[in-house]
Amino acid sequence: MTSPLQQKIKITGPSVVTANRTWDGVVIWRTNAKDWSTDLADAAIVRTADAARALLGESVADDLGAVGAYIAPVEVDESGAIKPGNLREQIRVDGVTIELPAHA
Amino acid sequence: MYAYDEIDRTLINERVSEFRDQVKRRLSGELSEDEFKMIRLMNGVYLQLHAYMFRVAIPYGTLSSAQLRKLAHVARKYDRGYGHFTTRQNIQFNWIKLADLPDALADLAEVGIHAMQTSGNCTRNITADQWAGVAPGEVEDPRIWAELLRQYSTLHPEFSFLPRKFKFAITASAHDRAAIKVHDIGLRLHRNDKGETGFEVLVGGGLGRTPFIGKTIREFVPGRDLLSYVEAILRVYNQYGRRDNIYKARIKILVHELGIEKFAEEVETEWLQIRDSTLALDAAVVEDIRSRFSYPAYEKLAPMPDELKQAAADPQFEAWRTNSVAPHKVQGYAIVTLSLKPIGGAPGDATAAQMDAVADLADKYSFGEIRVGHEQNLAFPHVAKRDLPALWRALDKIGVATPNVNLVTDIIACPGLDYCSLANARSIPIAQELTRRFANHDTANLIGRLHVNISGCINACGHHHVGNIGILGVEKNGEEVYQITIGGRADENAELGKLIGPAVPYAEVADVVEDIVEAYLALRERPDELFIDAVKRLGVEPFRERVYATR
């Protein structure tokens with residue numbers, strides 16, 4: 001399989017790097033502090049392909065901390081608040097759009 | 001039920017130990033994800049949107065009550081209190097932690113359950129008719145052969161790295177409940193003109209991106225030759241199947257590109273060389289497998305007990321009985337389907353509490369045995385008819401007696417974009433909305449048998465191609481839209497559905513299905529002309545007109 005770093009990187013707006021935490025699979029985002037956070041608000045924002053490639057590079061290098069890292073689109077409003085850029089990422093942030101059976 | 005022997009138990013326990021060590025090395029950094037990924041997949045562990053997903057095999061859809069209780073235990077202890085029964089007689093847990101997986105596997109191993117070959121390019125879980133062994137008119141119990149195939153294919157060194165995954169399904173009934181025509185190999189146990197039992201072998205069926213109905217490669221393969229014949233097929237596939245393009249790697253593409261005649265020639269050539277090898281099944285081997293299946297000691301019971309006559313006065317009971325209770329091969333007994341399709345619920349989901357309760361009821365009413373069907377429902381295979389009223393009340397209390405089996409709200413759906421990293425669109429909310437639209441039982445009953453199948457992407461885990469109404473979610477310009485097909489079916493007359501027109505937005509899917517159903521009700525020749533038969537007679541056009549006239 002092609003490494004994420006070997007794939008052509010094309011971004012059309014603000015983006016973040018997201019992954020799942022290795023030991024438990026929880027959704028995480030790469031931060032400016034070269035760490036991971038479970039809160040999208042902490043995510044490092046990149047706006048160019050080069051910056052995205054660099055952020056993805058350091059994320060993939062943390063093979064022990066995260067699995068399946070990739071670049072995801074976000075929206076950033078005037079206050080700097082970050083929102084997911086598509087439905088898939090919205091669901092990863094908010095959770096499933098249905099009530100879980102055990103709680104029904 | 002099949003009783004595992006020491007070899008099975010040792011194999012499963014060794015696998016748990018091996019995986020425990022592999023997980024430990026992954027979590028310590030000794031193994032990279034690149035090194036670990038294939039290992040976890042071979043143990044049924046995927047990475048989904050929110051977490052790891054753990055897929056556990058239920059071979060030929062047969063579970064004991066103890067096994068179901070253990071699945072409930074895993075759901076409760078390691079997950080979020082529920083599991084999802086799939087279209088391939090597996091159960092999936094959606095929230096499990098990698099660090100917990102070895103313990104979960106060890107717990108499952110205590111009752112002979114494992115997750116081997118629930119992923120990867122190998123032979124997957126062998127599936128079968130969920131009524132196997134109890135269906136009237138069945139040639140014989142196909143699970144004996146499914147178990148032989150399971151033993152043969154488990155960790156088979158030659159076939160652990162096929163060009164792509166490989167799925168078997170088997171039935172021994174004239175009416176196909178196992179969807180054998182949409183599997184890589186479909187097996188239909190039948191009798192030939194001489195009264196001998198053997199298999200019609202179909203090959204190259206499948207759904208996904210490029211759907212095909214399986215083609216008969218041999219009308220009759222004696223039981224003695226089953227393993228050598230399927231091995232010949234697997235060898236030809238292993239040799240010629242494409243490994244350069246994942247979308248063209250399934251055997252269906254090879255069969256299509258070579259043509260069934262040429263493919264069959266290749267198989268015959270291979271088969272001649274191995275037919276009389278150690279793969280030839282000695283009758284004693286088959287008998288040994290057969291002897292490890294235990295069957296209930298059925299009583300001699302009246303075909304129509306008083307309890308049933310009295311309960312017939314209750315219209316709610318009758319509604320359930322009509323849709324959920326099927327004839328059994330033994331007089332006085334019945335097969336009962338437990339609907340995992342409550343109105344507003346996620347198809348195929350069951351809570352840990354429901355699984356425990358179902359296990360208890362199986363002990364009380366079904367000789368401790370439960371079946372899982374590809375339609376994502378459960379079944380009790382051995383229920384005394386006299387017990388049906390009491391069983392119905394108990395099932396109703398735990399929410400698995402919705403009287404909708406085979407009706408429009410008995411929907412097959414994949415997890416879709418709510419869970420799955422491959423999905424482009426949501427499936428479960430569409431299913432939930434449809435169940436609410438058709439919640440009125442009288443309406444659903446008036447419509448009659450109608451299978452709605454929903455997939456959240458082209459991989460077709462929700463079998464949309466073979467739904468009477470098929471719904472495929474795709475993504476277009478960042479929005480979820482859905483292609484609708486009609487006329488598909490997965491039984492012995494399997495067909496792929498035909499597209500009725502342009503995709504429709506998420507918010508309109510339920511309206512479109514209602515339009516299709518209303519068109520059917522207006523156009524059917526008589527009340528007992530099924531939807532699928534009306535589509536066959538009328539074609540797509542009247543339905544297309546109805547749906548798109550105002551869109």
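Filter the stretch B:37-67 for residues that are of a type in the set (Lys, Arg) and surrounded by fewer than 24 Cβ atoms within 10 Å (Cβ to Cβ); which is nearest to the other protein chains (Cβ to nearest Cβ)? Write out each step before concluding.
From the stretch B:37-67, those of a type in the set (Lys, Arg) are B:37, B:40, B:55; that's our starting set.
From what's left, surrounded by fewer than 24 Cβ atoms within 10 Å (Cβ to Cβ): B:37, B:55.
Values: B:37: 9, B:55: 14 Å.
Of everything passing the filter in the stretch B:37-67, B:37 is nearest to the other protein chains (Cβ to nearest Cβ).
Got a sec? Which of B:403, B:315 is in contact (Cβ under 8 Å) with a residue 60 or more places away in the chain and not assigned by TED's automatic domain parsing to the domain that holds residue B:471?
On the way: B:315 fails: in contact (Cβ under 8 Å) with a residue 60 or more places away in the chain.
That would be B:403, the only listed residue that is in contact (Cβ under 8 Å) with a residue 60 or more places away in the chain and not assigned by TED's automatic domain parsing to the domain that holds residue B:471.
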* Is at least one residue of the stretch B:96-109 within 28 Å of residue B:298 (Cα to Cα), touching a residue at least 12 places away in the same chain (Cβ under 8 Å), part of a strand (DSSP E or B) and β-branched (Val, Ile, Thr)? -> no
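In the set B:423, B:413, which member is crowded, with 21+ Cβ neighbours inside 10 Å and in contact with a Pro (Cβ under 6 Å, 6 or more places away or on another chain)?
Values: B:423 fails: in contact with a Pro (Cβ under 6 Å, 6 or more places away or on another chain).
Answer to the selection: B:413.
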* If a residue has to be closer than 17 Å to residue B:467 by Cα, at the interface with another protein chain (Cβ under 10 Å from one of its Cβ atoms) and not aliphatic (A, V, I, L, M) to count, how many in the stretch B:429-455 make the cut? -> 1
* Asked: Right, residue B:253: touching a Ser or Thr at 6+ places or on another chain (Cβ under 7 Å), at pLDDT 95 or above and not in a loop (DSSP other than H, G, I, E, B) or not?
  -> yes
* Could you list, in sequence order, all residues of the stretch A:12-33 that are touching a residue at least 60 places away in the same chain (Cβ under 8 Å), in a loop (DSSP other than H, G, I, E, B) and either surrounded by 24 or more Cβ atoms within 10 Å (Cβ to Cβ) or within 14 Å of another protein chain (Cβ to nearest Cβ) (or both)? => A:12, A:13
* Output the residues belonging to the stretch B:404-428 that are more than 8 Å from chain A (Cβ to nearest Cβ) and among the β-branched types (Val, Ile, Thr). => B:405, B:408, B:409, B:411, B:412
* To do: Being in contact with a Leu (Cβ under 8 Å, 6 or more places away or on another chain) and more than 28 Å from residue B:471 (Cβ to Cβ) narrows it down to one of B:389, B:381, so name that one.
  => B:389
* Structure fact -> In the stretch B:25-36, residues that are more than 8 Å from chain A (Cβ to nearest Cβ) and crowded, with 21+ Cβ neighbours inside 10 Å total 1
* Structure fact -> In the stretch B:47-72, residues that are of a type outside the set (D, E, K, R), in contact with a helix residue (DSSP H, G or I) (Cβ under 8 Å, 6 or more places away or on another chain) and more than 20 Å from residue B:151 (Cα to Cα) total 9
* Asked: Looking at (1) closer than 30 Å to residue A:97 by Cβ; (2) surrounded by fewer than 21 Cβ atoms within 10 Å (Cβ to Cβ), which is the only condition residue B:337 fails?
  -> (2)
* Determine whether the stretch A:41-56 contains at least one residue that is over 22 Å from residue A:7 (Cα atoms), under 11 Å from the mean Cα position of the chain (by Cα) and without any contact (Cβ under 8 Å) to a residue 12 or more places away in the chain. => no
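Condition check ((1) within 30 Å of residue B:169 (Cβ to Cβ); (2) surrounded by 15 or more Cβ atoms within 10 Å (Cβ to Cβ)) across all residues:
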| position | (1), (2) |
| --- | --- |
| B:480 | no, yes |
| B:484 | yes, yes |
| B:498 | yes, yes |
| B:506 | no, yes |
| B:516 | yes, yes |
| B:523 | no, yes |
| B:531 | yes, yes |
| B:536 | yes, no |
* Test result for residue B:102, within 14 Å of another protein chain (Cβ to nearest Cβ) and out of contact with any Cys (no Cβ under 6 Å at 6 or more places or on another chain) -> yes
* Check the stretch B:388-398 and report whether any residue there is surrounded by 24 or more Cβ atoms within 10 Å (Cβ to Cβ), among the aliphatic types (A, V, I, L, M) and within 14 Å of chain A (Cβ to nearest Cβ). => no
* Residue check: is residue B:391 in contact (Cβ under 8 Å) with a residue 60 or more places away in the chain, touching a Phe, Trp or Tyr at 6+ places or on another chain (Cβ under 9 Å) and over 19 Å from residue A:86 (Cβ atoms)? -> no
* For the stretch B:309-317, does any single residue satisfy the condition of being more than 14 Å from chain A (Cβ to nearest Cβ), assigned to a helix (DSSP H, G or I) and of a type in the set (Phe, Trp, Tyr)? -> yes
* Asked: Quick one: is residue B:462 away from chain A (no Cβ under 14 Å) and surrounded by 24 or more Cβ atoms within 10 Å (Cβ to Cβ)?
  -> yes
* Structure fact -> Taking the stretch B:436-455 and keeping only residues that are under 19 Å from residue B:484 (Cβ atoms) and surrounded by fewer than 15 Cβ atoms within 10 Å (Cβ to Cβ), one is left with B:436
* To do: Could you check how many residues of the stretch B:478-503 are touching a Lys or Arg at 6+ places or on another chain (Cβ under 7 Å) and within 14 Å of another protein chain (Cβ to nearest Cβ)?
  => 1
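How many of the residues in the stretch A:46-98 are of a type outside the set (A, V, I, L, M), part of a helix (DSSP H, G or I) and either within 9 Å of chain B (Cβ to nearest Cβ) or touching a strand residue (DSSP E or B) at 6+ places or on another chain (Cβ under 9 Å) (or both)? Outline the logic, then answer.
Going residue by residue through the stretch A:46-98, those that are of a type outside the set (A, V, I, L, M) are A:47-48, A:50, A:53, A:57-59, A:62-63, A:65, A:68, A:70, A:73, A:75, A:77-80, A:83-86, A:88-90, A:92, A:94-95, A:97.
Now restrict to residues that are part of a helix (DSSP H, G or I): A:50, A:53, A:57-59, A:88-90, A:92, A:94.
Next, only the ones that are either within 9 Å of chain B (Cβ to nearest Cβ) or touching a strand residue (DSSP E or B) at 6+ places or on another chain (Cβ under 9 Å) (or both) stay: A:53, A:58-59, A:88-90, A:92, A:94.
Of the residues in the stretch A:46-98, 8 are of a type outside the set (A, V, I, L, M), part of a helix (DSSP H, G or I) and either within 9 Å of chain B (Cβ to nearest Cβ) or touching a strand residue (DSSP E or B) at 6+ places or on another chain (Cβ under 9 Å) (or both).
Please determine, by comparing only the residues of the stretch B:199-214 that are surrounded by fewer than 23 Cβ atoms within 10 Å (Cβ to Cβ) and either assigned by TED's automatic domain parsing to the domain that holds residue B:424 or in contact with a Gly (Cβ under 7 Å, 6 or more places away or on another chain) (or both), which one is nearest to residue B:180 (Cα to Cα).
My answer is B:213.
The values are calculated or read from the model by the stated rules, or taken from the named source; none is laboratory data. Everything numeric here is computed off the predicted structure, so don't read it as measured data. Here Cβ is always computed from backbone atoms with ideal geometry, including for glycine, and neighbour counts include all displayed protein chains.
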